[in-house]
Amino acid sequence: MPKTQSADKAQRAGEGKIATLLMAPTVIVMTVVGLYPLLHSLYLSLTNYNPTYGDAKEFIGLANYVYAFEDGQFWHSILITLIFTAASVSISLVLAVLLSLLFNLRFPGFMILRTVILIPMLITPVAVGITWRIMMMPDLGVLNYLMGLIGIPPALWAGSSSTALLSVILVDVWQWTPFMFLIIYAGISSLPKTPFEAAAIDGASPWRMFVSLTLPMLKPVIVIATLLRIVDAFRTYDTIYTITRGGPDFATDVVSVYLQRVNFRFFDLGYGSALSWLTLIIVLVVVLLFVRLTGFMKLVADKENR
Amino acid sequence: MGIQIKNLVKRFGSLTVVNDISVDIKDGEFFTLLGSSGCGKTTTLRMIAGLETPSEGKVFIHGKDVTYAEPRHRDIAMAFQDYGLYPNMSVFENIEFPLKIRKMPEAERRKKVEETAGTLGIGDYLGRKPAQMSGGQRQRVSLARALVRNPKVFLMDEPLSNLDAKLRAVMRTEIRRLVTEQGITTVYVTHDQIEAMSMADRIAVMYKGDMVQVAPPLEIYDRPATRFVADFIGSPPMNLFSAELSKGGRVVCQIQEFGQALDETERHRATQMADQHGHFSVGVRPEHLQCVAAGTAGSAEAIVELVEPLGQTTNIYLLSGDQRYIVVTDRTTVEAGDTIGVIAPREHVRAVARDR
Amino acid sequence: MSKPKTLRPVLQGLGAYALAILATLFFAFPVFWMASSSLKSELDISQYPPVFTSFEPSLVNYAELFTQLDALDAFINSAVIVAMATSLAMICGTMAAYALARFDMKGKEVMAFEVLSIRMLPPIVSVIPMFIIARTLGIFDTYWLLAAAYGLAGLPFVVWVMRVFIQDIPQSIEEAAMIDGCSRFETFWRVTLPLLLPGLAATMVIVFMFSWNEFLLASMLTSQEAKTLPVIAANAIKPKSIAWGLASAAGVMMSLPVVVLVLLMQRYLVRGLTLGAVKG
C-alpha cells in the first residue's frame, strides 16, 4: 500500500505550511460562524433568557430540559415530524425507483420528459408552498375540479386536520421525488450490463432480476439518497409554513414550525435553545440509527478505497 | 557527475519504504530500478524527482545538493506510468508546455515542438487531444514533452506498463535509442525484467526497500547476489537448492551432486555470504543443466514430471527427492515418467545468498 | 402464433409511454399552474371551473411585484447576499478541499467530521445565537449576517464535493506540471483549475440554489432592509386576503434563475448533490 499512499499524497519540502494556510479560512469561518453560535446556544439553553423581559438572564441549570420532557406540544411536533419524514421519504423513494426503471427504457423523447420531471426540486420552496396552496383551495382550487372530472368527491386538503398532514406530505413528495429520481436514475444507468445478460441466459424473470440484481447493486446509491433526504425532510419548514403554518389544530406542526413559534412568537429563547438541542440530538439519533442499519460508513469507506 | 544518492531513507508513518540506499549514477548512464510492487523503486524515483521528500539522506544531481529543492529547480524530465498528459490541451500544447513555462519565444517553441514530435513519429497528430489517441501514441506524447527540453536527466516511472506486449518491444528500443543519442542520464523504474535486461547499462534490484544488487544486466543474470534476484530475473527462474557450509568447509546440499559442482571461486563466495548458521543456496540456470542417461557419473537422479515443448526450447519439470526444478533444453525424446540423470556443469553453478 | 409476439412489445411500449407522460404531467402541472396563475388577472384567477389556457395573459402581476412588494430591492438583496455567500463558500471551500485532497495532513478525520456535522445541523439550532449575536454586533437586518450564515451553510458542502472533484484529477498531471517547471501555485492555476472548472461550476450552482431559496433564516434575521425574495413572496400571503397572482409571479421570478442555471449544469449535478458519492 505505500505506493498508492505516496502517489496520492506526497510529502514535499516546506509544503506542510501551504496545507495549513489553505485550511485556515475554512477553519476560521467554521469556528466563528459555526461552532461559536452552537456553544452559545448550548449556554443559552441553561438560562431563562427572554428578551421581552429585558436582557437579564439567570442560570437555571437543566430546568429547561426538564420542562421540555413534560412539554406535550414539543413531543407532538417531534412525532408529526417523524411521521412526515418517514412517509415522505419512503413514498418518494419507491416512486423514484419506479420512475428510474421506467425511464431507463430510454425510449425516444424520454430524455426531455426526464428533464421536465427534475424541475420541481429547483422551485423555491416558498413558491412551491404558494402554488400548492392555490391548487388546494377547497372551493376554487384546480385539484378539486380535476378530481371532480373523474368522479372523486372534493377534499378539504390542508384545510382539515384529518387531511392536512397528508396534503403537506404530498407536496414534499412532489418536490423531492425528482431529487431521488435524479440520483437513482444515475445509479441505474451506470450499472454494468453483463450480470443482467447472464441472468437472462440463466432464465431469470424480470422481477427476479430486479430483486436479486438491481436492488442489491443499487443499494449504495439508494442509501446515500435516502440519508440526504432524511436530514433535509427533518428540517422542512418553508413549504409547511407557507401552506398551513402548523395548523389546523397543530396537525402539521412539525418541529421547525413549533421552534419558530417558541423563539420568535414568545421569544422564549432559553427554552427554545434547549428544544433546539434536543431536536439536534434526535436528528443525530435518527441518522446514526439509519447509518448503523444500512452499513453506510462501510459503503463510504469502500468507495474511498476503490 | 550524474546523480548521487546518499543513505536515502523514506518512511511513511511506521513503515520504512526505502531503507538507507546509496548509489552513484554516471553521466549518460541508463540506470534501471527493478523490483516487484511495493519494493520502494517508485518512491526512490520520486525522491530523485523531488515529488517526495526523503526522511533521511541526500540527493545530488550534477553535484548539486537538491534533496529539498522543488522539482522545477532540478532540471529533470519525467515520464509517468499513466502518461500525466494535460487532457484539456492539444498534443502540441502538451509538448509546448514546459517551453512556455520557461518563456521560450514562440517561433522557437514551434520549431522545437515540431522537431521533437517528428522524431517520435507523432508529427501528424499535433492538433489532437490526448483522449483521441491510443496508449502508444500518448506515451510518445509524454516522451516528446520530456525530451523537448533537452533534459540532462530523464526519469521514467514504468512508462511501458500500460502498453501491449508488441508495442512494448518497439518502444523499448526506441526509448533506448533516443536517450543514448542525446546522452541523457536516465533512471528507469520497472517491474519487468525483460525491460531492465534489454535496456539498462546497470540494474539495481530492489527488495523490501533495499538495493540488493547493483550491476550490469549480464552480471545480474550470471551471478545473482541473493535468492530474490535469482528468482526475479530469468524465465523460467534460476533453480535454487538449499545448502549449508559445515564446520570443516564442506558443502552439504539438498541435491548433493549439484553442491559438489561448486568451483573454488564460488566456494569462496559461499563462505562470505553464508549466514551465521552457514546457510546459503546453490543456484543453476535451467538452460545450463544437462539431461543424461540415469546413472551417469556425477549426475543426480531425477524423475520427469512434465515435458513442455515451446517450439524453440523445451521445459522439462523434474523431481529429485522432494525437490522440484526445471531444465530448459532443445527438443528432446524424454517423456513424463522417465528416470534420467542431471548434470550441473562446474562453470555454471553459483553460490547465492539467502534473503534477509 | 406470431401475432401476439409482435403485438406485445408494441403494447408494452405504448404502456411505458403512457406512464412516462402521466408521471411527467404530475410533476409538471403545478409548475404550469404557477406560471399561468402569474399571468392571470384577478378575475381569471378566481374563476370556477378554473381556466387553463383561455385567458388573456397579462403582466400586471409582475408590474405589481415592483410597485407593491419592492421586488426590485429584494431581488438586489438576494443577489448581493447570495453572491457574497457563494464566493465566500467557494473560495474558502475550494482551498480547503485542495489541502484535504492533495496534502498529507494531521487531524484530517476531525476536519471531515466537523464538515459533515455542520451539514447535518438544522438551521433552527443556530438561528437563536445568530439572532442574538447579530443584535449585539448591530448587523441584524444587514447583508453581512445572511451572507455569513449562507456561506457557512455552503462551506462544508463545497469542501466535501470539491475534494471529490479534485481527487478525480490524476495526481500525475499535477506532478508532470511541476516537473515541467511550474511552482505549486502555477500548477494549480494553469493545470488543475482549467480541469476543475466544470466541477466548480456545478458546485457553485448548487450552493447558489441553497442560498437563493433559503427562507427560514432570511425571515428571522431580516426585517426591512435586507429582505430577500422568498421573504417578500411569503409576505404576499396575508392571513385574510391572499394576492394569488402576485404570489405566483414572485414564485416564478424566484425560481427562474435556479431552473435555468441548474438545467444548464445537469451533467455534473448528480455528483454534486450526492456529495460526490454517485457519478452522473
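The values are calculated or read from the model by the stated rules, or taken from the named source; none is laboratory data. Everything numeric here is computed off the predicted structure, so don't read it as measured data. Here the Cβ is made from the backbone with ideal geometry for all residues, glycine too, and neighbour counts use every protein chain on show. Keep in mind that these areas ignore ligands, DNA and RNA; they rest on the heavy atoms of the full protein, side chains included. Shrake-Rupley method; radii C 1.70, N 1.55, O 1.52, S 1.80 Å.
Exactly one of (1) modelled with pLDDT of 90 or more; (2) touching a Leu at 6+ places or on another chain (Cβ under 8 Å) is unmet by B:Leu319. Its number? Status for B:Leu319: all satisfied but (2). Filtered by the rule that a residue be of a type in the set (Ser, Thr, Tyr), facing chain C (nearest Cβ under 10 Å) and touching a Phe, Trp or Tyr at 6+ places or on another chain (Cβ under 9 Å), the range A:245-294 gives A:Ser256, A:Tyr258, A:Ser273, A:Thr279.
Checking B:Thr180, B:Thr186 one by one, the residue that is outside any loop (DSSP other than H, G, I, E, B), of a type in the set (Val, Ile, Thr) and surrounded by fewer than 23 Cβ atoms within 10 Å (Cβ to Cβ) is B:Thr180 and no other.
Could you tell me whether any residue of the range B:146-165 is open to solvent by less than 70 Å² (accessible area, probe 1.4 Å), closer than 24 Å to C:Leu193 by Cβ and more than 31 Å from the chain's Cα centre (by Cα)? The answer is no, given that none of the residues of the range B:146-165 is open to solvent by less than 70 Å² (accessible area, probe 1.4 Å), closer than 24 Å to C:Leu193 by Cβ and more than 31 Å from the chain's Cα centre (by Cα).
Residues of the range C:193-208 that are in contact (Cβ under 8 Å) with a residue 24 or more places away in the chain and open to solvent by 10 Å² or more (accessible area, probe 1.4 Å): C:Leu195, C:Pro198, C:Leu200, C:Ala201, C:Met204, C:Val205, C:Phe208.
Taking the options A:Val97, A:Val126, name whichever one is within 7 Å of another protein chain (Cβ to nearest Cβ) and either in a helix (DSSP H, G or I) or in contact (Cβ under 8 Å) with a residue 12 or more places away in the chain (or both). It would help to see each step written out before you state the result.
On the way: A:Val97 fails: within 7 Å of another protein chain (Cβ to nearest Cβ).
On inspection, the qualifying residue turns out to be A:Val126.
Residue-by-condition table, conditions (1) in a loop (DSSP other than H, G, I, E, B); (2) among the aromatic types (Phe, Trp, Tyr); (3) more than 9 Å from chain C (Cβ to nearest Cβ):
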site	(1), (2), (3)
A:Leu140	yes, no, no
A:Pro153	yes, no, yes
A:Leu165	no, no, yes
A:Val168	no, no, yes
A:Asp172	no, no, yes
A:Ala186	no, no, no
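Kindly indicate which of A:Ala86, A:Ala63, A:Ala68, A:Ala56 is away from chain C (no Cβ under 13 Å), of a type in the set (Gly, Ala, Ser) and open to solvent by 70 Å² or more (accessible area, probe 1.4 Å). Outline the logic, then answer.
Details: A:Ala86 fails: open to solvent by 70 Å² or more (accessible area, probe 1.4 Å); A:Ala63 fails: open to solvent by 70 Å² or more (accessible area, probe 1.4 Å); A:Ala68 fails: open to solvent by 70 Å² or more (accessible area, probe 1.4 Å).
Only one candidate qualifies: A:Ala56.
Every residue, every condition in (1) closer than 30 Å to B:Gly248 by Cβ; (2) assigned to a strand (DSSP E or B), yes or no:
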{"site": "B:Asp275", "(1), (2)": "yes, no"}
{"site": "B:Thr296", "(1), (2)": "yes, no"}
{"site": "B:Ile316", "(1), (2)": "no, yes"}
{"site": "B:Tyr325", "(1), (2)": "yes, yes"}
{"site": "B:Ala336", "(1), (2)": "no, no"}
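For the range A:142-151, the candidate set comprises residues that are buried (at least 19 other Cβ atoms within 10 Å of the Cβ) and either polar (S, T, N, Q) or within 9 Å of chain C (Cβ to nearest Cβ) (or both); within that set, the residue that is farthest from C:Arg267 (Cα to Cα) is A:Asn144.
If we keep just the residues of the range C:260-269 that are at the interface with chain A (Cβ under 10 Å from one of its Cβ atoms) and buried (at least 19 other Cβ atoms within 10 Å of the Cβ), which is modelled with the lowest pLDDT?
Narrowing the range C:260-269 to residues at the interface with chain A (Cβ under 10 Å from one of its Cβ atoms): C:260-263, C:266, C:269.
Those left that are additionally buried (at least 19 other Cβ atoms within 10 Å of the Cβ): C:262, C:269.
Details: C:Val262: 85, C:Leu269: 74.
Taking the candidates together, the pick is C:Leu269.
If the condition is being more than 18 Å from C:Met253 (Cβ to Cβ) and either touching a strand residue (DSSP E or B) at 6+ places or on another chain (Cβ under 8 Å) or among the aliphatic types (A, V, I, L, M) (or both), then the range C:19-72 contributes C:Leu19, C:Ala20, C:Ile21, C:Leu22, C:Ala23, C:Leu25, C:Ala28, C:Leu43, C:Val51.
Could you check, for the range A:199-214, whether at least one of its residues is within 14 Å of chain C (Cβ to nearest Cβ) and either charged (D, E, K, R) or closer than 25 Å to A:Phe179 by Cβ (or both)? Taking every residue of the range A:199-214 in turn, none turns out to be within 14 Å of chain C (Cβ to nearest Cβ) and either charged (D, E, K, R) or closer than 25 Å to A:Phe179 by Cβ (or both).
Criterion first (over 23 Å from the mean Cα position of the chain (by Cα) and among the basic types (Lys, Arg)) does B:Arg140 satisfy it?
Working: over 23 Å from the mean Cα position of the chain (by Cα): no; among the basic types (Lys, Arg): yes.
The answer is no for B:Arg140.
Consider B:Gly38 carefully, then state whether it is in a loop (DSSP other than H, G, I, E, B) and either in contact with an Asp or Glu (Cβ under 8 Å, 6 or more places away or on another chain) or more than 9 Å from every other protein chain (Cβ to nearest Cβ) (or both).
No: the conditions fail for B:Gly38.
There is no residue in the range B:292-313 that is in contact (Cβ under 8 Å) with a residue 60 or more places away in the chain, of a type in the set (A, V, I, L, M) and open to solvent by 10 Å² or more (accessible area, probe 1.4 Å). Among the residues of the range C:29-59, those that are buried (at least 16 other Cβ atoms within 10 Å of the Cβ) and away from every other protein chain (no Cβ under 12 Å) comprise C:Leu39, C:Phe55.
Considering only residues that are among the hydrophobic types (A, V, I, L, M, F, W, C) and within 14 Å of the chain's Cα centre (by Cα), look in the range B:226-250 and name the one that is farthest from B:Asp355 (Cα to Cα). It would help to see each step written out before you state the result.
Within the range B:226-250, the subset among the hydrophobic types (A, V, I, L, M, F, W, C) is B:228-230, B:232-233, B:238, B:240-241, B:243, B:245.
Keeping just the survivors that are within 14 Å of the chain's Cα centre (by Cα) gives B:228-230, B:232-233.
Values: B:Phe228: 7, B:Val229: 9, B:Ala230: 11, B:Phe232: 12, B:Ile233: 15 Å.
Here the residue is B:Ile233.
Can you tell me which residue is farthest from the other protein chains (Cβ to nearest Cβ) among those in the range B:73-85 that are at pLDDT 90 or above and not in a loop (DSSP other than H, G, I, E, B)? Residue satisfying both the conditions and the ranking: B:Ala79. Condition check for C:Val31 on (1) of a type in the set (Val, Ile, Thr); (2) within 30 Å of C:Pro194 (Cβ to Cβ); (3) outside the structural domain of C:Pro194 (by TED's automatic domain parsing): one failure, at (2). The condition of being assigned to a helix (DSSP H, G or I) and closer than 23 Å to C:Leu246 by Cβ holds for only one of C:Pro57, C:Pro30, C:Pro49, that being C:Pro30.
For A:Thr236, the conditions (1) within 30 Å of A:Val257 (Cβ to Cβ); (2) part of a helix (DSSP H, G or I) all hold with the exception of (2).
For the range C:139-173, a residue qualifies if it is more than 14 Å from chain B (Cβ to nearest Cβ), of a type in the set (S, T, N, Q) and open to solvent by less than 50 Å² (accessible area, probe 1.4 Å), and exactly one does: C:Thr142. Can you name the residue in the range B:119-135 that is assigned to a helix (DSSP H, G or I) and in contact (Cβ under 8 Å) with a residue 12 or more places away in the chain and, of all such residues, is surrounded by the fewest Cβ atoms within 10 Å (Cβ to Cβ)? Only one residue fits best here, namely B:Ala131. State which residue is farthest from B:Ser320 (Cα to Cα) when the search covers only the range B:224-266 and only residues that are in the same structural domain as B:Tyr325 (by TED's automatic domain parsing) and basic (Lys, Arg). Among them, the one singled out is B:Lys247.
Yes/no per residue for (1) more than 30 Å from C:Tyr48 (Cα to Cα); (2) over 20 Å from the mean Cα position of the chain (by Cα); (3) crowded, with 17+ Cβ neighbours inside 10 Å:
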| site | (1), (2), (3) |
| --- | --- |
| A:Val171 | no, no, yes |
| A:Met180 | yes, no, yes |
| A:Ala198 | yes, yes, no |
| A:Phe234 | yes, no, yes |
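Quick check on my filter: what residues within the range B:50-72 are within 22 Å of B:Met1 (Cβ to Cβ), out of contact with any Cys (no Cβ under 9 Å at 6 or more places or on another chain), facing another protein chain (nearest Cβ under 9 Å) and surrounded by fewer than 24 Cβ atoms within 10 Å (Cβ to Cβ)? Correct list: B:Thr67, B:Tyr68, B:Ala69, B:Glu70.
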